[in-house]
Amino acid sequence: MRQIGWNWLGVLPFFAFALLFLVLPTMNIVIGAFQNPQGEFTLANLAGLASPRIVSSFAISIKISLASALLGCLIGFAMAAAVVMGGVPRWIKGPLMTFSGVASNFAGVPLAFAFIATLGRVGLVTMLLRQWFGINIYAMGFNLLSFWGLTLTYLFFQIPLMILIITPALEGLRREWREAAEVLGASTGQYWRMVALPILFPSLLGTFALLFANSFGAVATAYALTGSSLSIVPIMLFAQIRGDVLQDPHLGYAMAFGMIVVTGLANLAYVVMRTRAERWMR
């Protein structure tokens, strides 16, 4: 009995942190979404989500999240497959996983500044391309403060996150499965199409959902990089709550509630797909 008490004492900081910074704020957002400034129950805040500006912001956020998640999955999967199953030297795996662990958590103002200093109008790469090769990427239509600019920035942490999650799934592919396919006359392409990818599909789909949720809720990087030039949901939510002339905290709560629903569904899909994938890896 005493041992159980000490064990609970050890995880107490985790429960306290989750309660103070996850459960209580989420409950406050959900309750506030259904209240007016006087504290009375109302559905007007949720009805306000149907305004064209808010619908457009959700659409842009979803498109950016889909684009960054799809590209992150494709590039991250290719890199992980090259390290685990390709001819890349094995010593590369350690540094790559270490870098991925750091880069997957590198976001916010530092990441925005790094991309501005690199690919901004007077960024290092921008100037080198102009001076050495005569290529002006901004004259060609590139803009860091745009849809594709923000998507490119998100890829900095989306690709490493994909590598971290999909690498164990790739390592779980048994050698016997490939040998059996080769004995039956299957080519490399047929093995991937008929054996490996069907097994990895739940992991790929679940990771895609996780990357979608990861980029959908990112606010610090987007705000530091684009300011108000790109109307995505986190930036509009920030504007509603921080005290602008358009301030409406309860509409902001409703927007946050909508984000919770979207990210919650994405994370639920990830958990379900991960559970299905683990059945094959046992």
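Taking the average, over residues, of other Cβ atoms within 10 Å as the packing measure, peptides 102-115, 214-227 rank 214-227, 102-115 from highest down. Ranked by the mean number of other Cβ atoms within 10 Å per residue, highest first, peptides 66-77, 20-31, 143-154, 192-203 order as 66-77, 143-154, 192-203, 20-31. Solvent-accessible area per residue in the chain equals 57 Å², computed with a 1.4 angstrom probe and all protein chains kept. Pairs of Cα atoms nearer than 8 Å and 6+ residues apart set the relative contact order; for the chain it is 29 percent. What is the percent carbon and sulfur in the accessible area of the range 182-282, measuring with a 1.4 Å probe over the protein chains and ignoring ligands? Looking at the range 182-282 in its full context, I get 64 percent from C and S. Placing +1 on the Cβ of every Lys and Arg and -1 on the Cβ of every Asp and Glu, with no other charges, gives the chain a dipole of roughly 540 debye about its Cα centre. Averaging over all projection directions, the Cα-based convex hull of the range 101-184 occupies 8.9 nm² in the image plane. For the chain, hydrophobic long helices are taken as DSSP H runs at least 18 Å long by C-alpha position along their axis with mean Kyte-Doolittle hydropathy of 0.0 or more; these are 2-18, 52-84, 147-171, 197-216, 249-281. Taken over the chain, the alpha-carbon convex hull comes to 210 cubic angstrom per residue. Reducing the range 5-60 and the range 193-209 to their Cα centroids gives an inter-centroid distance of 33 Å.
The values are calculated or read from the model by the stated rules, or taken from the named source; none is laboratory data. Remember, it's a predicted structure, so these values are computed and weren't measured experimentally. Here the Cβ is made from the backbone with ideal geometry for all residues, glycine too, and neighbour counts use every protein chain on show. Heads up: the accessible areas ignore ligands, DNA and RNA and are worked out on the full protein's heavy atoms, side chains in. Shrake-Rupley method; radii C 1.70, N 1.55, O 1.52, S 1.80 Å.
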